[in-house]
Each structure stands twice: as structure tokens, then as C-alpha cells.
Amino acid sequence: MKRAIVSPPVLISAILACLLCLSACSRRVIDYNYKITVEVETPEGLRKGYAVRRVVVDDLGELNITHPGAISRRIYGEAVAIDLPNNATLFALISDNEYSDDHSERWAIIPDGWAPPKGEEYYRAEIKKIMASKGKVFTLPPDRSLPLLSRGSPARHSNYPRFVRFTDRSDPRSLQLVDVENLAATFGEGYALKRITISITDEDVTENMENRLPWLSKHHGSLIDKGVSKPQLSSITEMEFRRGE
């Protein structure tokens, strides 16, 4: 009896069909919008900016090849822009200093809650707490305590998003990091962060960033020149300012 020979294209198609079937086993757990507002004291009074972002949470399913039974969290929206005196703008990015995505709503509502070692079951319970907080406004604490992973005291990590500015908003290469806990060092005397607040909301996701940064839709990858020895800056891409679905 002759053995059937499967051509490479047919084999590839079969594999892709199998993977699509497995991915279809994932199901939506929940999606929600949250509003992040940043308030800054200036010599000319209080200035504030906000963004509404969407969080989509899926259960990948037990048949998922790489992460069976895991929870997938995706975030869509844009950075927060705070207009300051002297035509300056401060941007709070869609990430903090520890994770690729912003987790502000989690750190604000459950400041000493989730951490990777606690696993997906804890995360599901946390989602219920987050949704139960709808209608309330929370102040984002500056840092959080993570469980003890090695000898010594529990590690402290920043809750705040990364902050940047452009010396020339028409030029992405003019990007600069800003220490939000020492705004006077960048903008001068009288500038200070007042607070960052979070609330679960029914408001629509904001879409204003392209009006502020016209080059945004045409830019892909690191905002600064390649070869520049600034690793903290080189990791910042257009995805930190806007993420579409």
C-alpha cells in the first residue's frame, strides 16, 4: 500500500486550521473602560489631563498550547496629555516602569493585590473587585509592595506610568524622560504632581493623540535615532502613545 504524501502547503494549512480551532476556544471574561486623570500644580494653578482606556480580558482556555487556562489582558487607548504653561505638555504613557502595559486601575483599586506568583485564580477574583468599584474614584498610590520572592524585605515598585515630554512636539526625536516626582527639575519652580486618580467608567475611549502628535500614525518603532545609547528612551515606541483595537 502506498503511503499518502502530504504537500508542504497542505500541511501548513492543516496546522494553521488546528491553531485557529484552539484559539477559538478562548472566551471573553469581561471588558471595561477606566479613566486615568493626572493633576499637576503649576505657578499658574492646577492643570489636569485624562484618558479613557479599554481593558479586554479573555480566558485562553485549557486547550491553549502555550498557556492553558491562562487569562489574557489587552489594553487599548492613549497616553494622558497634560497641557502646562509656556506651551509645554507632559505625557503619561501607556506603561509603567515594571510592565509593558498600564495596570493603574489594578494598583489603585487593589494597591497591594495582584502579583504574578498568585496566579490566574486570584486575578479572576480581582476582576470582580475592580468591577464592583464602578462609580468610585481612587487615588493611585506612588508604589506597591510585591511579595517576598527572595531573602530580605518585600520589593517596592512604582505604580506610576512613565512620563515624558517633547522639546519639539513635531519631532519625535526630541523625546525626554521626566521624573514625575520631581517636576521642578524639568519645568522649574512651582511644578509638582498633585495626584493621579482612577475610576471605572462608561465613558468612551478617548482618541485625541493624533491631533497632538501628527507624526504618530506614520511612525513605527523607537522614537529616537537608532544607535543612541539611551536604553530607557529607545524602548519607547508609538504604541506608548496610542493603541488601537
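Quick check on my filter: what residues within the stretch 172-223 are in a loop (DSSP other than H, G, I, E, B) and more than 20 Å from the chain's Cα centre (by Cα)?
Narrowing the stretch 172-223 to residues in a loop (DSSP other than H, G, I, E, B): 179, 183, 188-191, 202-208, 213-215, 219-221, 223.
Within the stretch 172-223, L183, G188, E189, G190, Y191, P214, W215 meet the criteria.
Looking at the stretch 155-171 only, could you name the residues that are part of a strand (DSSP E or B) and touching a Leu at 6+ places or on another chain (Cβ under 7 Å)?
Just the residues of the stretch 155-171 that are part of a strand (DSSP E or B), to begin with: 156-158, 161-166.
Those that are part of a strand (DSSP E or B) and touching a Leu at 6+ places or on another chain (Cβ under 7 Å): H157, P161, R162, F163, V164, R165, F166.
The one condition from (1) at pLDDT below 75; (2) closer than 25 Å to G45 by Cβ; (3) of a type outside the set (D, E, K, R) that Y99 does not meet is (2).
Which of the residues that make up the stretch 54-79 are at pLDDT below 70 and in contact with a Gly (Cβ under 9 Å, 6 or more places away or on another chain)? Full working, then the answer.
Kept after step one, since they are at pLDDT below 70, are these residues of the stretch 54-79: 61-69.
Once the filter is applied, which keeps residues that are at pLDDT below 70 and in contact with a Gly (Cβ under 9 Å, 6 or more places away or on another chain), the stretch 54-79 yields G61, E62, P68, G69.
The values are calculated or read from the model by the stated rules, or taken from the named source; none is laboratory data. From a predicted model like this one, the values you see are computed outputs, not experimental measurements. Using ideal geometry, Cβ is built from the backbone for each residue, glycine included, and neighbour counts are taken over all protein chains shown.
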